[in-house]
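The values are calculated or read from the model by the stated rules, or taken from the named source; none is laboratory data. Just so we're clear, the structure is a prediction, and the values are computed from it rather than from any experiment. Neighbour counts run over all protein chains shown; Cβ positions are idealised from the backbone, glycine included.
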Amino acid sequence: MTEIRDLTVGVLGGTGAQGKGLAVRWAHAGVKVIIGSRSAERAELAAKEIVEVAGGTVSGADNADTAANSDIVLVAVPWEGHGDLLASLRDQLAGKIVIDCVNPLGFDKQGPFALPVTEGSAAQQAELLLPESKVTAAFHHVSAVLLADLANVSEVDMDVLVLGDDREATDTVRELAELVPGFRGVYGGRLRNAHQVEAFTANLIAVNRRYKTHAGLKITGV
Ligand SMILES: NC(=O)c1ccc[n+]([C@@H]2O[C@H](COP(=O)([O-])OP(=O)(O)OC[C@H]3O[C@@H](n4cnc5c(N)ncnc54)[C@H](OP(=O)(O)O)[C@@H]3O)[C@@H](O)[C@H]2O)c1
């Protein structure tokens, strides 16, 4: 078995809040990270910023090189760009574990709401576009703000639901989650159940707005 710390984790859209936040935590835990972006320059800049905060081994590249040179790849781009990006990276992502954390959400005067997705969910769209990859879904409910605040938030106290159809892949992603102090990785079902997990983020954002917090999820009884 390969040690999780020996794997390289690539982050597509790693210049954004969510990708950067998880990259900070993984780099701090000793995982080799590649930040991906549509612009290699932006990625290199973000990688530098992460090393300043978290230390570790972090480099930057365009999304295609990031996918090609990583063992596990987190997809952390907005829903609007999700399908096109993954369709363009099918070859680079073949045979790899892909982690989708994308929440297809809309916002109006009444707050956040889940968007309908033709394929069922962002994760199922990824599975259709990447038939040779092991697609999983995780980290939907994790606050980028808490992740980024390494100085004040030493433990991110919440459960991370991990969904997928390949047991070994979901176990690896649970392990990757648990490198972050406070996280517990919990298997959350097959990928066909990703819709409600993605959609539930709208409820959590509503909680955050009402109670001025960064709410997370805890599963009891496990
Ligand atoms: N923010 C959170 O707390 C949070 C929590 C859980 C899950 N998520 C999910 O994580 C994903 C990223 O969230 P975020 O807040 O980090 O978003 P973001 O900052 O708006 O976007 C992340 C990165 O995606 C790239 N990007 C933007 N538009 C793109 C497009 N059309 N095609 C390809 N790449 C594009 C940009 O990088 P470049 O310009 O450098 O390419 C950007 O820095 C979302 O799907 C969100 O639902 C977010």
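Just to be sure, is L150 more than 18 Å from V197 (Cβ to Cβ), within 14 Å of the ligand (Cβ to nearest atom) and modelled with pLDDT of 95 or more? Spelling it out, it is not the case that L150 is more than 18 Å from V197 (Cβ to Cβ), within 14 Å of the ligand (Cβ to nearest atom) and modelled with pLDDT of 95 or more. Note on region 159-206: among residues that are of a type in the set (S, T, N, Q) and buried (at least 22 other Cβ atoms within 10 Å of the Cβ), the one that is nearest to G221 (Cα to Cα) is T170. Restricting G10, G16, G60 to those that are within 8 Å of the ligand (Cβ to nearest atom) and either under 16 Å from L150 (Cα atoms) or of a type in the set (G, A, S) (or both) reduces the list to G16.
Identify all residues within region 141-164 that are in contact with a strand residue (DSSP E or B) (Cβ under 9 Å, 6 or more places away or on another chain) and closer than 19 Å to N103 by Cα; write none if there are none. Lay out the reasoning, then the answer.
Going through region 141-164, the residues in contact with a strand residue (DSSP E or B) (Cβ under 9 Å, 6 or more places away or on another chain) turn out to be 141-143, 146, 155-164.
Hits for region 141-164 are H141, V142, S143, L146, M158, D159, V160, L161, V162, L163, G164.
Residues that are within 15 Å of the chain's Cα centre (by Cα) and either at pLDDT below 95 or crowded, with 24+ Cβ neighbours inside 10 Å (or both) within region 58-76 comprise N63, T66, A67, S70, V73, L74, V75, A76, listed in sequence order. When R38 is tested against (1) under 17 Å from L89 (Cβ atoms); (2) surrounded by 24 or more Cβ atoms within 10 Å (Cβ to Cβ); (3) of a type in the set (K, R), exactly one condition is not met: (2).
For region 92-129, what are the residues that are among the small types (G, A, S), free of Cβ contacts under 8 Å to residues at least 60 places away in the same chain and within 15 Å of the ligand (Cβ to nearest atom)? Matches in region 92-129: G106, A126.
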